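We did not get these values from a lab; they are worked out from the coordinates using the rules stated. Fair warning: this is a prediction, and the values are worked out from it, not measured in the lab. A quick note on method: Cβ atoms are made from the backbone with ideal geometry, for glycine too, and the neighbour counts reach across all protein chains shown.
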Amino acid sequence: MQSNTRYSVVEEVSPQKAEQDIKYVLTRGAQKFASDLRKSKYHQLRKYYNEIVSVLDDLKKKDTEYSSSSAEDQRIKIYMLKARASYDCQRRLLDESLVSFIEKWVDYVKNSPDLERFKLVYEAILAYSKQK
């Protein structure tokens, strides 16, 4: 039963939900998701957010689109978030729901606007998690 609850909480901040209603995802969805995070420490959450911001900054500096062939290094950094999150979850530093969230978004991101949306949703979760 708990996995169903976890599944529905992750769906509150899914890429598909963000496409349908970004305002909801950035407010109520992020708030619900953040309140469900039990194991994840703020500095761990921040580590992943910083990596997303770093990739976006690199793309802006180089005036490069995420989907272009010259952005391969940045795409690899984003793909590696999945592996790092899984590893940190095994070490009991992250909640499974956060790993699922990261996996869904990494699989979804195909271009710079998608990556920017991922950053915004993650930023909202980060902000609400500070209120726990």
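Here is how the numbers come out for the structure above:
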{"read-out": "Any hit, region 60-73, residues being within 23 Å of residue 130 (Cβ to Cβ) and surrounded by fewer than 20 Cβ atoms within 10 Å (Cβ to Cβ)", "value": "no"}
{"read-out": "Residue count for region 67-103, restricted to those that are more than 16 Å from the chain's Cα centre (by Cα), outside any helix (DSSP H, G or I) and in contact (Cβ under 8 Å) with a residue 12 or more places away in the chain", "value": "2"}
{"read-out": "Hey, residue 24 free of Cβ contacts under 8 Å to residues at least 24 places away in the same chain, part of a helix (DSSP H, G or I) and of a type in the set (Phe, Trp, Tyr) or not", "value": "yes"}
{"read-out": "Subset tally (residues that are surrounded by fewer than 16 Cβ atoms within 10 Å (Cβ to Cβ) and farther than 21 Å from residue 14 by Cβ) for region 81-101", "value": "4"}
{"read-out": "Residue pairs meeting the criteria (Cβ under 7 Å; at least 6 apart or on separate chains; first small (Gly, Ala, Ser), in region 104-132; second assigned to a helix (DSSP H, G or I) and surrounded by 15 or more Cβ atoms within 10 Å (Cβ to Cβ))", "value": "112/59; 124/26; 124/30; 129/34; 129/45"}
{"read-out": "Region 37-59, subset free of Cβ contacts under 8 Å to residues at least 60 places away in the same chain and under 13 Å from the mean Cα position of the chain (by Cα), residue surrounded by the most Cβ atoms within 10 Å (Cβ to Cβ)", "value": "44"}
